[in-house]
Amino acid sequence: MTSTTSGKEIHDDPDSAAALWFARLQGDDVPPRDRREFERWLQADARNATAWEDLNHTWNDVAVVETDPAFAALRADALGAGDKRPHLDRRALGVAAAGLVVAVGGALLGRRWLGGADPLAPADEPVFTTAVGERSTFRLADNSVVTLSTDSAVRVNHWAKERRLTLLRGQAFFQVAKDPSRPFVVAAGDKRVTAVGTAFDVRMEPGRLSVTLVEGRVRIAADAPANGDGGERRVEMSAGSRFVAADPADWLISSVDTAKESAWLKGRLVFDGEPLSAVVAEMNRFSERKLTLSDPALGATPVSGVFKTGQIDAFVAALKTYGLAEVGRADATRVELVRPRA
């Protein structure tokens, strides 16, 4: 399994470094230099030794999860990262190792790695998260691939007759390995997206859920409202379409440009005549430095173009070049867009 994380650097502290070392030392063929480096790290600071001892206690306390598919995926990821890259990607391995600790029931890194996750969820159901501006990809034990967009979180549930994940927030793209005997189910709010072998995007926003189907077919289902006649509401999608539900009664499926909608997978956002207000909202999703509009009327300005995620300055420069907006007040956290001077 491969895991890569792009974006902000994850700084090592005793707990996260211990998780990284734990992952690196699980193989049968650990190089002697790695063991020597580990011993130096362990002896360099008493906090390192404490973190290592706590992590091992966590590991030893749980013995039943090693056969869980989610755990197997995390462990394979952590052990395989070094073999698949000439230079070990510490950020990627840190993410995998952190998930490994969660998978075995530890709470050592829970607050750091599982921000926004359900505190009542089983501790051996690992949660992968990204911060604002990050994008992360990981491979599951069945060879399905999940890519998380900015500020997103997905939980890998226990697998039995179905392969189930839960999108907790944000957006994720799923490339599903074919297995007709075990449907692949993504739960998002009160809805369930089911596939056998396909590629689709699920995005959660306040009061809105959207599913974009790139290939294959999926079924979306939700329990009927309590005041209805019971049962389950279902709809099936075909490739090249998008499902949008703004409330329990409002389901809409329409054709969509899947290449445009999935451009974020390559770190790009594509706009074709969208109002500036919508473009600003989308750019803000990927950046901690936020854009604001001084005049609501400015938000109606149509914008077309391809922009890199997180590149606020480049986006603003393009607006200025084409006379769509100017910069008012700006600081390290915000950039105000104002009407261009006549």
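The values are calculated or read from the model by the stated rules, or taken from the named source; none is laboratory data. These numbers come from a predicted model, not from an experiment. No Cβ is skipped: glycine too gets one built from the backbone with ideal geometry, and neighbour counts run over all protein chains shown. Areas reflect the complete protein model, heavy atoms only, side chains present, ligands, DNA and RNA absent. Shrake-Rupley method; radii C 1.70, N 1.55, O 1.52, S 1.80 Å.
Show Met283, Met204 ordered by accessible area, largest first, where the area counts protein heavy atoms only and the probe is 1.4 Å.
Numbers: Met283 0, Met204 55 Å².
Correct descending sequence by accessible area is Met204, Met283.
Would you mind working out the accessible area per residue for the stretch 229-342, using a 1.4 Å probe, and quoting it in Å²?
Numbers: 6410 Å² over 114 residues.
Heavy-atom SASA per residue in the stretch 229-342 reads 56 Å².
May I ask you to derive the FRET efficiency for Asp179 and Asp257 from their Cβ-Cβ distance with R0 = 35 Å, giving the value to the nearest 0.05? If you can, show how the numbers build up before the last one.
Values: r = 29 Å, r/R0 = 0.84.
Efficiency computed from Cβ-Cβ geometry: 0.75.
Would you calculate the convex hull of the Cα atoms in the stretch 241-297 and tell me its volume per residue in Å³? Numbers along the way, then the final one.
Working: hull volume 7.4 nm³, N = 57.
Expressed per residue, the convex hull around the Cα atoms of the stretch 241-297 is 130 Å³.
Residue by residue through the stretch 292-305, which ³J(HN,Hα) values in whole Hz follow from phi under the Karplus form 6.51 cos²θ - 1.76 cosθ + 1.60 (θ = phi - 60°), with glycine and proline marked x?
The phi angles translate into 10, 10, 6, 10, x, 5, 5, x, 7, 4, x, 10, 10, x Hz.
Just the accessible area per residue of the stretch 143-187, please: how many Å² with a 1.4 Å probe?
Working: 1570 Å² over 45 residues.
Computed with neighbouring chains in place, this is 35 Å² per residue.
Please compute, for the alpha-carbon atoms of the stretch 256-342, the extent along each of the three principal axes and give them in descending order in Å.
The Cα atoms of the stretch 256-342 stretch 37, 26, 21 Å along the principal axes, largest first.
What are the residues whose amide H is under 5 Å from the amide H of Gly310, where those residues sit 5 or more places off or on another chain and H is modelled from the backbone?
Residues meeting the criterion, in which the H sits 1.01 Å from N, are Phe286.
Count charges around Arg341 for me, please; just the other residues with Cβ under 14 Å from its Cβ, Lys/Arg as +1, Asp/Glu as -1.
Numbers: positive: Lys320, Arg339; negative: Asp295, Glu326.
Net charge around Arg341: 0.
Report the gain in length on full extension from Ala246 to Ala297: 0.36 nm times residue separation, minus Cα-Cα distance, nm rounded to one decimal. Please report the intermediate quantities before stating the final value.
Numbers: separation 51, 0.36 × 51 = 18.36 nm, distance 2.48 nm.
My answer for the length gained is 15.9 nm.
Which of Lys178/Lys308; Lys191/Lys290; Lys161/Lys191 have a Cα-Cα distance over 22 Å?
Numbers: Lys178/Lys308 32 Å; Lys191/Lys290 31 Å; Lys161/Lys191 19 Å.
Check vs 22 Å cut-off fails for Lys178/Lys308; Lys191/Lys290.
Got a number for carbon plus sulfur as a percent of the stretch 154-273's accessible area, 1.4 Å probe?
Exposed carbon and sulfur together represent 48 percent of the surface.
Run the quick spin-label model on Glu236 and Asp45: label points 7 Å from Cα toward the beta carbon, then report their separation in nm to one decimal.
For the pair Glu236/Asp45, the computed spacing is 5.7 nm.
Please work out the Kirkwood hydrodynamic radius for the stretch 203-307, using every pair of different C-alpha atoms, and report it in angstroms with one decimal place. If you can, show how the numbers build up before the last one.
Numbers: mean 1/r = 0.0627 Å⁻¹.
Radius from the Kirkwood sum: 16.0 Å.
With labels modelled as points extended 7 Å from the Cα through the Cβ direction, what inter-label distance (nm, one decimal) is found for Ala317 paired with His158?
Computed distance between label sites Ala317 and His158 equals 5.4 nm.
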